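The values are calculated or read from the model by the stated rules, or taken from the named source; none is laboratory data. Remember, predicted model here, so these are calculated numbers, not experimental data. Cβ: placed from backbone, ideal geometry, glycine included. Neighbour counts: every protein chain shown. Note: accessible area is taken over every heavy atom of the protein model, side chains too, but ligands, DNA and RNA are not part of it. Shrake-Rupley method; radii C 1.70, N 1.55, O 1.52, S 1.80 Å.
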Amino acid sequence: GFTVGSRFVERVGQQRALAHEQLEVMKFICKDFWHELFGKPIDKLQTNHRGVFVLKDSDLRWLSRVSGNEESAYQLRARLLRFPCGLIRGALDSLGFTATVTADVEPSGSTAFHVKVATE
């Protein structure tokens, strides 16, 4: 996912100017980037204004057919979420930010991506 995210942002960057401030970059990821890849924007963006962001998608299509709470379903969700985590990391890297991205599925069924941007 990292390479795809990076290349996608490079392509978009050729078409328009991209922001370079942390919060503006995350807004771009949530609105434009996510919409182009998944057909809808991220539902909720939260931050502590110290480089930690939580992006919530209440209906990630890739997980819609995975059901159950058993261990095999949990492992499958974890594997499926590696790719969108890589997409976010690659996009941020292309925009000049090094980040750690993890994801989990909340009890409500929404997916939360936890992004920790490295400080310089």
### Query
Name the pairs: first residue in the range 10-27 and surrounded by 14 or more Cβ atoms within 10 Å (Cβ to Cβ), second residue modelled with pLDDT under 75, Cβ to Cβ under 9 Å, at least 6 apart or on different chains?
Val12/Leu18; Val25/Leu18; Val25/Ala19; Lys27/Ala19
### Task
Output the number of the condition that Asn48 fails; it satisfies all remaining conditions of (1) free of Cβ contacts under 8 Å to residues at least 12 places away in the same chain; (2) closer than 15 Å to Val101 by Cα.
(2)
### Residues of the range 72-101 satisfying the condition of being free of Cβ contacts under 8 Å to residues at least 40 places away in the same chain and open to solvent by 70 Å² or more (accessible area, probe 1.4 Å)
Ser72, Tyr74, Gln75, Arg79, Thr98, Thr100
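Determine if the range 38-52 includes at least one residue that is of a type in the set (A, V, I, L, M) and modelled with pLDDT under 90.
No: the range 38-52 contains no residue that is of a type in the set (A, V, I, L, M) and modelled with pLDDT under 90.
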### Message
Please go through the range 75-96 and give me each residue that is more than 20 Å from Val25 (Cβ to Cβ) and in contact with a Phe, Trp or Tyr (Cβ under 7 Å, 6 or more places away or on another chain), ordered by number.
### Response
Leu80
### Message
Given the criteria assigned to a helix (DSSP H, G or I) and at pLDDT 90 or above, does Leu92 qualify?
### Response
yes
